[in-house]
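Below is one structure, written out as structure tokens; the observations come after it.
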Amino acid sequence: YDVKIYNTDHSSQDKDINLRGAFTGHEGYKEMVNNLNHPIWQEIRETIEKYSPDLLGITIVFSATLKSVENIARIAKQHNSKLKVVVGGPHATLAPVETLRSEFFDYLVRGEG
């Protein structure tokens, strides 16, 4: 199997992620997450198109990022409607029924995947 890991949370800056800054910048996050023309979504779209996976696994670390994960799955399924999307992580484990309500997720893994 040819596997690729793409970390959307990676930062090339030489400093740790500041979660306090992430939460105080919530309005900017909401604007970005609701704009599928934002450069981050274009980067993800290009990465998915280039790799063209048959299966996409996404970790939902924080419940607050569920909308972002749905965007990634939506973009992937626009590229390949037969692609299967598997979600996991803390949010999926703690709220599986809510998580699977998304039309963009096919499978969910609870606990350690």
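The values are calculated or read from the model by the stated rules, or taken from the named source; none is laboratory data. Keep in mind it's a predicted model, so treat the numbers as computed, not measured. Note: ideal-geometry Cβ built from the backbone for every residue, glycine included; neighbour counts use all protein chains shown. The area values use the complete protein model at the heavy-atom level, side chains included, leaving out ligands, DNA and RNA. Shrake-Rupley method; radii C 1.70, N 1.55, O 1.52, S 1.80 Å.
I need the chymotrypsin sites (Phe, Trp or Tyr not before Pro) found in segment 30-113, filtered to DSSP loop residues with at most 16 other beta carbons within 10 Å of theirs.
62
Order 94, 108, most accessible first, counting only protein heavy atoms with a 1.4 angstrom probe.
Details: 94 150, 108 40 Å².
Result of the area sort, largest leading: 94, 108.
Scan segment 37-113 for GluC sites (Glu not before Pro) in coil per DSSP, keeping those whose Cβ has at most 12 other Cβ atoms within 10 Å, and list them by number.
103, 112
How many Å² of accessible area per residue for segment 49-88, probe 1.4 Å?
53 Å²
Under a plain spin-label model, where a point goes 7 Å from the Cα along Cα-to-Cβ, how far apart in nm are residue 98 and residue 61?
Here the modelled spin labels are 1.9 nm apart.
Roll a 1.4 angstrom probe over the protein heavy atoms and tell me the percent of accessible area of segment 39-113 that is carbon or sulfur.
In segment 39-113, the share of accessible area belonging to carbon and sulfur is 53 percent.
Which of the trypsin sites (Lys or Arg not before Pro) found in segment 71-110 are loop residues per DSSP with 10 or fewer other Cβ atoms within 10 Å of their Cβ?
82, 101
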